[in-house]
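Undergrad: The following block contains the structure, expressed as C-alpha cells.
The values are calculated or read from the model by the stated rules, or taken from the named source; none is laboratory data. Only a predicted model underlies this, so the values are computations on that prediction, with no experimental measurement involved. Cβ sites come from the backbone with ideal geometry, for glycine too, and all protein chains shown count toward neighbours. When the accessible area is computed, the model is the full protein with side chains, heavy atoms only, and any ligands, DNA or RNA have been set aside. Shrake-Rupley method; radii C 1.70, N 1.55, O 1.52, S 1.80 Å.
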Amino acid sequence: MTNSEGGRVADPGEPPAEPSPNFMPLPYRRVSYQRADFPLTAEGLATIVGRDAYRHTEFIVFHDGGSFAVAAVETANRTPLFSPITRAAWLSTPERTRFVADPEVDPGLPSSMTAKAGAVGIADDETLVVLGRYEHVNFIARPRPTSVTIVEVAPPDPPKLWDQVARVLAVAPLHAISPKLERIDLLDLAAAVAPGPDGYLFPCRASGFESLGAPVHFLDERPARADWVLVGCERSRQVHEHLYGDQPPSREICPRILAGARSGPTLVKCCMLERGTELDGHVAVVPWGAELREVEEALLDLVGPA
C-alpha cells in the first residue's frame, strides 16, 4: 500500500512489525515523541509519509491524549538534518502499548526499563513507553529480561556482590537482566555444625554472630590459637595453616563451591580467583574483593551488552 506521496505504509489488515524480545532503541535519541494529529490506525499512519523527520529519528511514539502507539519509520536520506519519511509501520499498536511516567527509570538502561515493565505488569507481547529520567522518552518492546542468580554469603546485609550488581545495573547498558539473590546465611552454615570447645572462627569480622551462642573469633585479627571450628573457605584454611601450622575442622562457605554447576546464568565470587573474571559453563566468577568493573565484565560474559 502506498500513499499519495508514493511512500510505503502498512496495509490496514497487515499485522504490525514484530520486534525482537527486549527491543529497545539505543541511543534513545532515535526515538521521537509526538502528539498525533491523526487516528492511531494504519490509515492514519499513512498520513505521515512525506513529512520531514529528523535524521536520527527511526521510531516515533505517538499519543493522542489517552492512547499511545509506536511507529518505525524510514527516510529518504539520513545525511541531511531533515528528510522525508518514505515508509512507516506500526511497531506497537495502541492495544499493545502502555505508558508510564517515572523519573526513577533510566530510559537508557534495559534493566531499568524491564524492571519497570515487570512492576506494572507488562505482558511479554506488549510495549512499555516510559517518560523517565531527565524527562526523556524511550520504549521497550516484548520485555523478557534474562534471570541471573547471584549466589552470595551474608552477613553483611545486603550481601556485597548483590549490592554491587545493583550498582552496575544502575549505570551499565547491559542486556536486560532480572537479578535474583540466592542468599547463603553464614549463621545457618555455622549452626549446622557443632562449635569447637572455643567456638567458631570466621574469616573476618561482621555483625550478627552473637546469636550463635558460642564464642566467635575472626581470622583476620589473628587471635591466639584456640579449639574452634573454622567457618571459611580454602583460602581461609591456607591462611590458618600459615598462621598456626595446622588446619582445624571447617565448614565450607565458598559461594562457587556451594553453587555448584548451574543450568542458568549465575554469578558467584571466590577468593581463589584474585583478579579478573572466569566463566565456567553458566557460572561467572569474580574475586572475593571484586571491583565494579569486574562485576560488569562477568555480567557481560553471562548476558552480553544491550
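Undergrad: Failed condition for SER83, given (1) in a loop (DSSP other than H, G, I, E, B); (2) without any contact (Cβ under 8 Å) to a residue 60 or more places away in the chain, with all others met?
TA: (1)
Undergrad: Tell me which strands (runs of 3 or more DSSP E) are completely within the stretch 249-290 and hold 2 or more residues being over 27 Å from ASP198 (Cβ atoms) and free of Cβ contacts under 8 Å to residues at least 60 places away in the same chain, or say none if there are none.
TA: Working: elements: 250-252, 266-270, 278-280, 283-287.
In the stretch 249-290, 278-280, 283-287 are the strands (runs of 3 or more DSSP E) which contain 2 or more residues that are over 27 Å from ASP198 (Cβ atoms) and free of Cβ contacts under 8 Å to residues at least 60 places away in the same chain.
Undergrad: Turning to a different aspect of this structure: Consider GLU95 carefully, then state whether it is at pLDDT 95 or above, within 17 Å of VAL137 (Cα to Cα) and surrounded by fewer than 22 Cβ atoms within 10 Å (Cβ to Cβ). Give the derivation first.
TA: Working: at pLDDT 95 or above: yes; within 17 Å of VAL137 (Cα to Cα): no; surrounded by fewer than 22 Cβ atoms within 10 Å (Cβ to Cβ): yes.
So GLU95 fails the test.
Undergrad: May I ask you to list pairs of residues, at least six apart or on different chains, whose Cβ atoms are under 6 Å apart, with the first in the stretch 112-134 being among the charged types (D, E, K, R) and the second being open to solvent by less than 30 Å² (accessible area, probe 1.4 Å)?
TA: Short answer, once both residue conditions are applied: LYS116/VAL105; ARG133/ASP106.
Undergrad: Name the one entry in VAL303, VAL239, VAL268, VAL285 that is open to solvent by 10 Å² or more (accessible area, probe 1.4 Å) and touching a helix residue (DSSP H, G or I) at 6+ places or on another chain (Cβ under 8 Å).
TA: Numbers: VAL303 fails: touching a helix residue (DSSP H, G or I) at 6+ places or on another chain (Cβ under 8 Å); VAL268 fails: open to solvent by 10 Å² or more (accessible area, probe 1.4 Å); VAL285 fails: open to solvent by 10 Å² or more (accessible area, probe 1.4 Å).
Answer to the check: VAL239.
For (1) part of a strand (DSSP E or B); (2) not hydrophobic (A, V, I, L, M, F, W, C), each residue gets a yes or a no:
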| residue | (1), (2) |
| --- | --- |
| ALA166 | no, no |
| LEU189 | no, no |
| LEU201 | yes, no |
| CYS204 | no, no |
| ARG235 | no, yes |
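Undergrad: Now for a different question. Can you tell me which residue within the stretch 60-85, out of those that are over 20 Å from ARG35 (Cα atoms) and not hydrophobic (A, V, I, L, M, F, W, C), is least open to solvent (accessible area, probe 1.4 Å)?
TA: Here is the first cut: in the stretch 60-85, the ones over 20 Å from ARG35 (Cα atoms) are 76-81.
Next cut, not hydrophobic (A, V, I, L, M, F, W, C) only: 77-80.
Numbers: ASN77: 71, ARG78: 91, THR79: 102, PRO80: 55 Å².
Applying the filter and picking the extreme gives PRO80.
Undergrad: Restricting the search to the stretch 176-187, which residues are in a strand (DSSP E or B) and under 16 Å from PRO155 (Cβ atoms)? Quick ask: steps written out before the conclusion?
TA: Here is the first cut: in the stretch 176-187, the ones in a strand (DSSP E or B) are 177-185.
Result: LEU181, GLU182, ARG183, ILE184, ASP185.
Undergrad: Moving on. Which pairs do you get when a residue that is touching a residue at least 12 places away in the same chain (Cβ under 8 Å), found in the stretch 173-202, comes within reach of a residue that is surrounded by fewer than 17 Cβ atoms within 10 Å (Cβ to Cβ) and polar (S, T, N, Q), reach meaning Cβ atoms under 6 angstrom, with the pair 6+ apart or on two chains?
TA: From residues that are touching a residue at least 12 places away in the same chain (Cβ under 8 Å), the pairs are SER178/SER147; LYS180/SER147.
Undergrad: Continuing with this model, one more query. Kindly indicate whether any position in the stretch 217-224 is among the charged types (D, E, K, R), touching a helix residue (DSSP H, G or I) at 6+ places or on another chain (Cβ under 9 Å), in a loop (DSSP other than H, G, I, E, B) and surrounded by 14 or more Cβ atoms within 10 Å (Cβ to Cβ).
TA: Residues of the stretch 217-224 among the charged types (D, E, K, R): 220-222.
Next, from what is left, pick out any that are touching a helix residue (DSSP H, G or I) at 6+ places or on another chain (Cβ under 9 Å): 220, 222.
Checking the rest, the ones that are also in a loop (DSSP other than H, G, I, E, B) come to 222.
Of the ones still in play, those that are also surrounded by 14 or more Cβ atoms within 10 Å (Cβ to Cβ) are none.
Among the residues of the stretch 217-224, not one is among the charged types (D, E, K, R), touching a helix residue (DSSP H, G or I) at 6+ places or on another chain (Cβ under 9 Å), in a loop (DSSP other than H, G, I, E, B) and surrounded by 14 or more Cβ atoms within 10 Å (Cβ to Cβ), which makes the answer no.
Undergrad: Right, another one. Please list, ordered by first then second residue, the pairs with beta carbon atoms under 6 Å, 6 or more apart or interchain, first in the stretch 90-101 and assigned to a loop (DSSP other than H, G, I, E, B), second surrounded by fewer than 20 Cβ atoms within 10 Å (Cβ to Cβ).
TA: The qualifying pairs are THR93/PRO16.
Undergrad: Of all residues in the stretch 193-216 being open to solvent by less than 70 Å² (accessible area, probe 1.4 Å) and among the small types (Gly, Ala, Ser), which is farthest from the chain's Cα centre (by Cα)?
TA: Ranking the qualifying residues of the stretch 193-216, first place goes to GLY196.
Undergrad: Could you please find all residues in the stretch 102-130 being open to solvent by 20 Å² or more (accessible area, probe 1.4 Å) and either acidic (Asp, Glu) or in a strand (DSSP E or B) (or both)?
TA: ASP102, GLU104, ASP106, ASP124, ASP125, GLU126
Undergrad: Something else: Of the conditions (1) in contact with a Ser or Thr (Cβ under 7 Å, 6 or more places away or on another chain); (2) surrounded by fewer than 18 Cβ atoms within 10 Å (Cβ to Cβ); (3) farther than 21 Å from GLU234 by Cα, ARG133 satisfies every one except a single condition; which number is it?
TA: (1)
Undergrad: I'd like to know if the stretch 168-178 contains one or more residues that are within 25 Å of ALA259 (Cβ to Cβ) and in contact with a Phe, Trp or Tyr (Cβ under 7 Å, 6 or more places away or on another chain).
TA: Let us first name the residues in the stretch 168-178 that are within 25 Å of ALA259 (Cβ to Cβ), namely 168-170, 172, 174-178.
Okay, now just the ones that are also in contact with a Phe, Trp or Tyr (Cβ under 7 Å, 6 or more places away or on another chain), so none.
No, every residue in the stretch 168-178 fails to be within 25 Å of ALA259 (Cβ to Cβ) and in contact with a Phe, Trp or Tyr (Cβ under 7 Å, 6 or more places away or on another chain).
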